[in-house]
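Peer 1: Would you mind keeping the following structure in view while I ask a few things?
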Amino acid sequence: MENKNKLTLSKIVERFSYGCGDFGCNIIYTAMSAFLMLYYTDYAGVSALAVGTIMMVSRVFDGVSDIIMGVIVDRTKSRFGKARPWLLRMCVPFAVSGVLLFSVPVSWAPTPKLIYVFITYNLVSTVIYTAINVPYSALNALMTQDPYERSVLSIFRNLLATAGTLTINICTLPLVEYFGDNASAWTKTFCFLGLLAVVAFVINFFGTEERVKPAGTEEGITKTVPFATGMKALFKNKYWIMMTGMLALFFLMYSVNGGATVYYAKDILGDRNLVGTINGIFNVVQIAGMFFIAMLVKKYGKRNVFALGLALGIIGMLLLNFSNGTMSLIVVSSIIRGAGNACGGATMWAMVSDTIDYGEWKTGVRTEGLVNSACSFGYKIGNGIGSALLGLILEMGGYVGEAAAQTASALSSIRVCFVWIPVGVYIAGLIIMKFYHLDKEFAGIIEDLKKRENQRR
């Protein structure tokens, strides 16, 4: 009994440590999604359309760097494994780049400001975030092949990611106000938050272990897969294509909806501090929901739980749209959306990891880094398009950052970003899930991979 308890405690510690990686990632990712556009337009004095264009163009470079980093991860040979070394190497540069992102020299002329934005945005997104997030995304598949344990790891990932999002949503604006509610206050705020991210990644590194080897690979020997071979294998993997498309749509939605939240609170509800209320309730419910997801996954499967989350997202958004600003309905909407996001977020990354095993079974090629980096390429393209859409829609609606009151068309553009684009994405997701059947096939795939491994020995 004592050994069993020790094993259970060890697993809990490892699951928590694994989740800390996405807590650290979300320190910067959520800040970029929820507050960066506001910082640029209202504090740094940069055009929303210009920033949106920079973000979209930058995703091209970002996507290329993701693929490069995926190849690097697959070819990394270290006593710590393929992915874990990069968590330790990049955590401090990650924090420093986040501080630089929120340090635009406000006294500069418009053109030098845009150059600074372009350089620092790409430093964060194209280089540093990629170098730490791609290895982290590959870590799940390298830790275990057990589908239930992957689901539990994904739940802990989403649980801690949500905690990171909650931290940013609740703490950022109060910290900015505490430090003086000016441009330099954002720099000071992210000095503190960057340090928090470093601590999270250090826990992630020391608390996890890589155990999975490709089928037929001898212990300690890593087979290098040529890049062209890996890419051909990816596009023979129908489930990877589905999940990459799903991630691209989701992160497009996250970018548009997340960036519009502060505008929705400030200009439609009349109080920007309601961002903490709206997102706080959403995130708390999401965190609470995580404790029930493992049970639902065991009974209904990842795909069905994911689809349930999409349906709840549609209901929550429609309720919000017709709430007419009534706070009680906004709260109910946040609760429903939080439950939906718990279902989706807790299963999405485990489903991506499952596509790695399907791809190995289908093609004989196993590339955790390339699969996750190509997924990352897809969702970052979606995120970049979302950032550009947010800036474009706000500009088309006539949003003016310094205006005391926004026009009716500007308010409508905020509603489109905050409500209707997410509804469209959820509907598209339900259509994609109609063709996803990997849950039913997975047990047979793992059994066949084990037979192949035994035959090669």
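Peer 1: Would segment 90-189 count as rounded, prolate or oblate if I go by the C-alpha gyration tensor, calling it rounded below 1.5 in a/c and otherwise prolate when a/b exceeds b/c, oblate otherwise? All intermediate terms of the calculation are to be shown ahead of the outcome.
Peer 2: Working: a/c = 3.91, a/b = 1.79, b/c = 2.18.
Oblate, since a/c reaches 1.5 and b/c is not below a/b.
Peer 1: Working with all protein chains in place, sort 255, 47 by solvent-accessible area computed with a 1.4 Å probe, largest first.
Peer 2: Values: 255 5, 47 55 Å².
So the residues, ranked largest to smallest area, are 47, 255.
Peer 1: Now for a different question. Does segment 336-389 classify as rounded, prolate or oblate by the C-alpha gyration tensor (a ≥ b ≥ c root eigenvalues; a/c under 1.5 gives rounded; else a/b over b/c gives prolate, otherwise oblate)? Numbers along the way, then the final one.
Peer 2: On the way: a/c = 4.02, a/b = 1.41, b/c = 2.85.
Oblate.
Peer 1: Moving to a separate point now. Please give the residues of segment 354-393, grouped as numeric ranges, whose backbone N is less than 17 Å from a label point set 7 Å along the Cα-to-Cβ vector of residue 227.
Peer 2: Under cut-off, by backbone N: 367-378.
Peer 1: Here's a follow-up. Against the longest principal axis of the chain, how steep is helix 368-397, in degrees 0 to 90 to the nearest 10, with axes from Cα atoms?
Peer 2: In the chain, helix 368-397 runs at an angle near 10 degrees to the longest axis.
Peer 1: Let me ask something additional. Given a Förster distance of 56 angstrom, what is the FRET efficiency for residue 362 paired with residue 288, based on the Cβ-Cβ distance and rounded to 0.05? Please report the intermediate quantities before stating the final value.
Peer 2: On the way: r = 38 Å, r/R0 = 0.68.
Efficiency, rounded to the nearest 0.05: 0.90.
Peer 1: Probe radius 1.4 Å, ligands and nucleic acids left out: which of 314, 241 has the largest accessible area, and how do the rest follow? Before the final figure, lay out each step's value.
Peer 2: Details: 314 30, 241 80 Å².
The residues order as 241, 314, largest area first.
Peer 1: Order the peptides 134-141, 24-31 from the highest to the lowest mean number of other Cβ atoms within 10 Å of their residues.
Peer 2: On the way: 134-141: 27.9, 24-31: 25.6.
Averaged packing, sorted descending, gives the order 134-141, 24-31.
Peer 1: Now for a separate question. Can you compute the modelled spin-label distance between residue 241 and residue 146, with each label point 7 Å from Cα toward Cβ, in nm?
Peer 2: Distance between the two pseudo-spin positions: 3.4 nm.
Peer 1: Give me P(r) over segment 102-254, computed from all C-alpha to C-alpha distances, binned every 10 Å, as integer percentages.
Peer 2: 8, 24, 33, 21, 11, 3, 0
Peer 1: So which chymotrypsin sites (Phe, Trp or Tyr not before Pro) in segment 263-338 end up in coil per DSSP with only 14 or fewer other C-beta atoms within 10 Å?
Peer 2: 322
Peer 1: So how exposed is residue 281, as accessible area in Å² (1.4 Å probe, rounded to 10)?
Peer 2: We get 40 Å² for residue 281.
Peer 1: Calculate the dipole size of the chain relative to its Cα centre from +1 charges on Lys and Arg beta carbons and -1 charges on Asp and Glu beta carbons; express the result in debye to the nearest 20.
Peer 2: Details: 39 positive and 28 negative charges, 274 e Å.
Computed charge dipole of the chain: roughly 1320 debye.
Peer 1: Run the quick spin-label model on residue 453 and residue 72: label points 7 Å from Cα toward the beta carbon, then report their separation in nm to one decimal.
Peer 2: Placing both labels 7 Å beyond Cα along the Cβ direction yields 2.9 nm.
Peer 1: Run the numbers for residue 89 and residue 400: contour at 0.36 nm per residue of separation, minus the present Cα-Cα distance, in nm. Provide the component values of the computation, followed by the final result.
Peer 2: Details: separation 311, 0.36 × 311 = 111.96 nm, distance 4.13 nm.
Taking residue 89 through residue 400 to full extension adds about 107.8 nm, to one decimal.
Peer 1: Sticking with this one: Can you give me the % of accessible surface on the chain that is carbon or sulfur? Probe 1.4 Å, all protein chains present, nothing else counted. Mind showing how you got there, number by number?
Peer 2: Details: 12180 of 18200 Å².
Answer for the chain is 67 percent, counting heavy atoms of protein chains only.
Peer 1: Only sites in a loop by DSSP and with at most 14 other Cβ atoms within 10 Å count here; which chymotrypsin sites (Phe, Trp or Tyr not before Pro) in segment 354-457 make the cut? Spell out each step's value before the answer.
Peer 2: Details: sites: 358, 361, 377, 379, 399, 418, 420, 426, 435, 436, 442; in loops: 399, 435, 436.
Hits after loop and neighbour filter: 435.
Peer 1: Multiply the residue separation of residue 271 and residue 206 by 0.36 nm, subtract the distance between their alpha-carbon atoms, and state the gained length in nm to one decimal. Before the final figure, lay out the partial values.
Peer 2: Values: separation 65, 0.36 × 65 = 23.40 nm, distance 4.20 nm.
Between residue 271 and residue 206, full extension yields 19.2 nm more.
Peer 1: Counting helices only, and only those DSSP H runs with n ≥ 4, report the 222 nm mean residue ellipticity of the chain as the sum of -39,500 (n - 2.57) divided by its residues, in deg cm²/dmol to the nearest 500. Walk me through the intermediate numbers first.
Peer 2: Working: 16 runs with 351 residues, N = 457.
After summing the helix terms and dividing by the residues of the chain, the value is -27000 deg cm²/dmol.
Peer 1: Return the distance in nm (one decimal) between the two label points of a simple spin-label model at residue 326 and residue 408, each offset 7 Å from Cα along Cα→Cβ.
Peer 2: Distance between the two pseudo-spin positions: 2.3 nm.
The values are calculated or read from the model by the stated rules, or taken from the named source; none is laboratory data. What you see is a predicted model; the values in this text were computed from it and never measured. Please note: Cβ atoms are built from the backbone with ideal geometry, for glycine as well, and neighbour counts cover all protein chains shown. Note: accessible area is taken over every heavy atom of the protein model, side chains too, but ligands, DNA and RNA are not part of it. Shrake-Rupley method; radii C 1.70, N 1.55, O 1.52, S 1.80 Å.
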